[in-house]
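Note sheet for the following structure.
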Amino acid sequence: MTDARKRTTIIIMSLMVLAGIVISFFLGQFSITPKELGGIIISQFADIKPFWTSQQEHVFWTVRMPRILIACIVGIALSTAGCVYQGVFENPMAAPDFLGASSGAGLGAALAILAGMNEWMITVMAFVFSLATIWLVYIIGNRTRGNKTVGLVLAGLMVSALAQAGTSFIKLVADQTNELPEITYWLMGSLTGTTQRDVVFSGAIIVVGIIPLLILRWKINVLTIGEDEASTIGINVARVRFISLICATLVTAAAVSVSGMIGWVGLVVPHFCRKIVGNNMKFLLPASVFMGAFFLLMVDNISRNLFAVEIPIGILTAIIGAPFFIYLITKGGESV
Amino acid sequence: MISVSDLRYAYGTHEVLKGISFDARPGELLCILGHNGAGKSTLFKCMLGLLRGYSGSITVDGIDFSRLKPKEKALYVAYIPQASKPTFAYNVMDMVIMGTMSVAGGISGPGEKEKRLALDALSKMGIMHLKDRDYTKISGGEQQMVLIARALAQGAKILIMDEPTSSLDYGNQMRVQKQLRKLVSEGYTIIQSTHNPEQTYVFADRILCIRDGIIYRQGKPQDVMDEKLIKDMYGIDVEMVESADKRVRFFELKEYEDNEENKE
């Protein structure tokens, strides 16, 4: 595929996200017609007489809109972080869960629920614990002897295991009537009950985190050919790696803290994009941003509309993601 | 010109380089010979700035190399590995343009100038036709050419190569070495390690023999190389045979049967 066609592909992807958002506005238990939607939106800027119910307007602004935006935001975050981790660690199997981001967030959330904190504090605790876990992984990984990449992966596995043990222990001592179900539900990953505050919080952090990654994406490319070669080409490997990891981690923690554990997005979406636009971060990173948003938005639409009872999105991403990944590594032709 | 003077390096208490000194001038192809573990790779890593904590000095055009930042070093010295195995497949143009990354970058990435540098490098190596091919799917010889093109795009005049042809078939070895001679004639300095003493006759201006961390001998291959040197360096008995044009010589292992006969 030529560069020009890759550029066109990415523009198409961005239009798919826009179309996806518009379609999602109409999906849900409260029906809103296109005309009503137009009216609700225009009424923000112009004075028109409502021909819709105030309940519709309320649902649109406080439930549906935040829900749609958070699906896009979390999708972008997980997919972009996965794409960056794969490059920085020179490892196709790298994903946000990889460094303990998710299990750290889970532990923080479980602790907060056990302590009876409110929903906002649960988010904050998940965020803080997620960052702390990755920080710990990074410190341990840097102290390992020999190959630092492998050291970091192993440190991630170990610290994740510790965090998961902590979460399991909290589940054991939690009150079985209300705390335990809440923890379990949080860990499954869900976008239910997203508030406008969640959107602003995670959205702001993700914008701050993704800009440096977009700037550094050329250098992350060079990291994938190996530390020594990248270094002799003139890349300050330690610095590029550090900034990339900080940003990817910030973005992951912001997503996980509002959504719970949503697996597979960070692994599958970047690989899907690799098949389409190739491995050059120039195209791969923007493609991952758009496809991450599109993928999670679509899965969330299924999660909240397919059955009478909402299915936690984490279950769906696994059901869709795992078989799709198997397809990618077998039928997809290229080696991963 | 790159000058190495009294270079010493130790991994812990194990001293690998024990005082290495030499120069390499523009328009010179220097071959470094040495048995496995002699210290060739360590020497290269020091020269590329990948290992710190050595004693002695490495200067490039009189500038202390250890004081330069990675992106400044990249403008003087380029590294061409034996084979690059990128985790993910890139096309050839992407690989070559990576060489310009120390100067390019920012939000917009490599621009027209960098693209031209990469295209110039590809055409200089005569591999323009590979531009859009997948790097992981071209032959070993072609990959080596791409890595050399990447070093040229980087803009450095000193090229350090780690056994550039050891994994190539005979034809590709010759093609790569011919390209290197062409670069040398344009004023590049090439320092390469090799395990093939015979080849140095054809291509090297000077050889540097490292044994146990010191320079055992250096000079023109025609002056330095003899049966004793091979015996001392590699521990094998050889016989040296000169070809008719007195330029190329070959070494033959003394046959096993000879030794058997001698015993009788």
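The values are calculated or read from the model by the stated rules, or taken from the named source; none is laboratory data. Quantities reported herein were computed from a predicted structural model and do not represent experimental measurements. A quick note on method: Cβ atoms are made from the backbone with ideal geometry, for glycine too, and the neighbour counts reach across all protein chains shown.
Are any residues in region A:207-247 basic (Lys, Arg) and more than 8 Å from chain B (Cβ to nearest Cβ), and if so, which ones? Break it down stepwise before answering.
Taking region A:207-247 first, the residues basic (Lys, Arg) are A:217, A:219, A:239, A:241.
Scanning region A:207-247 gives A:239, A:241.
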Given A:132, A:71, A:77, A:109, which one is part of a helix (DSSP H, G or I), away from chain B (no Cβ under 14 Å) and surrounded by fewer than 24 Cβ atoms within 10 Å (Cβ to Cβ)?
A:132
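Let's see how each residue does on (1) in contact with a Pro (Cβ under 6 Å, 6 or more places away or on another chain); (2) within 14 Å of another protein chain (Cβ to nearest Cβ); (3) over 26 Å from residue A:216 (Cβ atoms):
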residue	(1), (2), (3)
A:283	no, yes, no
A:294	no, no, no
A:301	no, no, yes
A:306	no, no, yes
A:311	no, no, yes
A:316	no, no, yes
A:319	no, no, yes
A:322	no, no, yes
Verdict on residue A:43 being loosely packed, with under 11 Cβ neighbours inside 10 Å, more than 14 Å from chain B (Cβ to nearest Cβ) and among the small types (Gly, Ala, Ser):
no
Count, please, the residues in region A:90-103 that happen to be small (Gly, Ala, Ser) and either within 14 Å of chain B (Cβ to nearest Cβ) or part of a helix (DSSP H, G or I) (or both).
4
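Yes or no: region A:321-330 includes at least one residue that is out of contact with any strand residue (DSSP E or B) (no Cβ under 6 Å at 6 or more places or on another chain) and under 26 Å from residue A:109 (Cβ atoms).
Yes, that holds for at least one residue.
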Taking the stated definitions as given, is residue B:163 of a type in the set (D, E, K, R), buried (at least 16 other Cβ atoms within 10 Å of the Cβ) and not assigned by TED's automatic domain parsing to the domain that holds residue B:29?
no
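Looking at this structure, is residue A:287 modelled with pLDDT of 90 or more, in a helix (DSSP H, G or I) and within 22 Å of residue B:90 (Cα to Cα)?
Values: modelled with pLDDT of 90 or more: yes; in a helix (DSSP H, G or I): yes; within 22 Å of residue B:90 (Cα to Cα): yes.
Here the answer is yes, as residue A:287 does meet what is asked.
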It is to be established whether one or more residues within region B:111-124 are under 30 Å from residue A:91 (Cβ atoms), touching a residue at least 40 places away in the same chain (Cβ under 8 Å) and not basic (Lys, Arg).
no
Among the residues of region B:166-193, count how many are assigned to a strand (DSSP E or B) and out of contact with any Pro (no Cβ under 8 Å at 6 or more places or on another chain).
3
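Which ranges mark the strands (runs of 3 or more DSSP E) fully within region B:1-46 that have 1 or more residues being more than 22 Å from residue B:205 (Cα to Cα) and over 16 Å from the mean Cα position of the chain (by Cα)? Write out each step before concluding.
Working: elements: B:2-11, B:14-24, B:29-34.
Strands (runs of 3 or more DSSP E) meeting the threshold: B:2-11, B:14-24.
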Look at residue B:156 and say whether it is in a loop (DSSP other than H, G, I, E, B), touching a residue at least 24 places away in the same chain (Cβ under 8 Å), within 14 Å of chain A (Cβ to nearest Cβ) and buried (at least 21 other Cβ atoms within 10 Å of the Cβ).
yes
Find all pairs meeting these conditions: Cβ atoms under 8 angstrom apart; at least six residues apart or on different chains; first residue within region B:1-16 and among the basic types (Lys, Arg); second residue surrounded by fewer than 13 Cβ atoms within 10 Å (Cβ to Cβ).
B:8/B:55
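Given the structure, is residue A:266 of a type outside the set (D, E, K, R), in contact with a Phe, Trp or Tyr (Cβ under 9 Å, 6 or more places away or on another chain), within 14 Å of another protein chain (Cβ to nearest Cβ) and over 24 Å from residue B:51 (Cα atoms)? I'd like the intermediate steps shown before the answer.
Values: of a type outside the set (D, E, K, R): yes; in contact with a Phe, Trp or Tyr (Cβ under 9 Å, 6 or more places away or on another chain): yes; within 14 Å of another protein chain (Cβ to nearest Cβ): no; over 24 Å from residue B:51 (Cα atoms): yes.
In short, no.
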Just give me the residues in region A:281-292 being buried (at least 24 other Cβ atoms within 10 Å of the Cβ) and either among the aromatic types (Phe, Trp, Tyr) or farther than 21 Å from residue A:130 by Cβ (or both), in sequence order.
A:281, A:284, A:285, A:287, A:290, A:291
Might you let me know whether region B:166-180 holds any residue that is in contact with a strand residue (DSSP E or B) (Cβ under 8 Å, 6 or more places away or on another chain) and either more than 11 Å from chain A (Cβ to nearest Cβ) or more than 29 Å from residue B:39 (Cα to Cα) (or both)?
yes
Does residue A:61 satisfy being part of a loop (DSSP other than H, G, I, E, B) and over 30 Å from residue A:218 (Cβ atoms)?
no
Spot the failing condition for residue A:87; the list is (1) within 14 Å of chain B (Cβ to nearest Cβ); (2) surrounded by fewer than 24 Cβ atoms within 10 Å (Cβ to Cβ), and only one is missed.
(2)
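Out of curiosity, is residue B:135 under 22 Å from the mean Cα position of the chain (by Cα) and closer than 25 Å to residue A:283 by Cβ? Show your work before the answer.
Values: under 22 Å from the mean Cα position of the chain (by Cα): yes; closer than 25 Å to residue A:283 by Cβ: yes.
It is true that residue B:135 is under 22 Å from the mean Cα position of the chain (by Cα) and closer than 25 Å to residue A:283 by Cβ.
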Residues (within 12 Å of chain A (Cβ to nearest Cβ), without any contact (Cβ under 8 Å) to a residue 24 or more places away in the chain and small (Gly, Ala, Ser)) located in region B:44-101:
none
Residue in region A:214-272 that is farthest from residue B:68 (Cα to Cα), counting only those that are hydroxyl-bearing (Ser, Thr, Tyr) and crowded, with 24+ Cβ neighbours inside 10 Å:
A:259
